[in-house]
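Taking it in order: structure first as structure tokens, then the write-up.
The values are calculated or read from the model by the stated rules, or taken from the named source; none is laboratory data. Predicted, not measured: the structure shown is a model, and the values here were computed from it. Cβ sites come from the backbone with ideal geometry, for glycine too, and all protein chains shown count toward neighbours. Protein only, heavy atoms only, side chains kept; ligands, DNA and RNA dropped before computing areas. Shrake-Rupley method; radii C 1.70, N 1.55, O 1.52, S 1.80 Å.
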Amino acid sequence: MKLEMSSRKMSFLLRVLETESFSQALIRTTKEEGIGALYKGLAPNILRGMSMNVGMLACYDQAKEVVAKVLNDPMTDGPSLTTKIGSSAIAGFTAALFSLPFDLIKSRLMAQKPDPDTGKMPYKNVLDCAVKIARNEGPIGFFSGFTAYYGRCAPHAMIILISIESITQAYRNTFY
């Protein structure tokens, strides 16, 4: 798996290493680049996070019903562990499907470097990045690397959703 790090992140990390503390690096970055530098990349991260949660939570209950029917799980005392695992894996799939385009945009924005000849960045903002990906790579370009991304999203969805099920069941057992 390829790890991409923006030059901004690298320069911030180098500042932390060069200074005595994180807070000094934070102050120095704010003085040199302005308060806005602390929020670069916020929009694509919010979009990715929102789409991931929508994808994960929107289908989980429906997937649970379908998986329970396939596995003949009566769900009288709540879903079985296999039902939870199967339905959360499906929810991880939809989370990956919904959020990969935004993750790709976020990664491209983070990894961009100025053109050596013009000094201009390849992308101006989230929308410009999305338009250029669609134009140059087509709609399927937003989903390159889906298998690896699903491999990252599915365990996240499974841990979150199975934990929610367990906490909800414990609460109901305690207070109802």
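The table that follows gives values for the structure above.
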item	result
Where a residue in segment 70-86 is on the phi > 0 side of the Ramachandran plot and its partner, wherever it lies, is surrounded by fewer than 16 Cβ atoms within 10 Å (Cβ to Cβ), with Cβ under 9 Å and at least six apart	Met75/Glu65; Gly78/Thr168; Gly78/Gln169; Gly78/Arg172
So Tyr123, is it of a type outside the set (A, V, I, L, M), open to solvent by less than 50 Å² (accessible area, probe 1.4 Å) and not in a helix (DSSP H, G or I)	yes
Number of the exception - Ile160 against (1) in a helix (DSSP H, G or I); (2) of a type outside the set (Gly, Ala, Ser); (3) loosely packed, with under 13 Cβ neighbours inside 10 Å	(3)
Output for segment 64-78, where each listed residue is over 28 Å from the mean Cα position of the chain (by Cα) and open to solvent by 30 Å² or more (accessible area, probe 1.4 Å)	Lys69, Val70, Leu71, Asn72, Pro74, Met75, Thr76, Asp77
Filter result for Ile105 (in a helix (DSSP H, G or I), in contact with a Pro (Cβ under 8 Å, 6 or more places away or on another chain) and within 28 Å of Pro44 (Cα to Cα))	yes
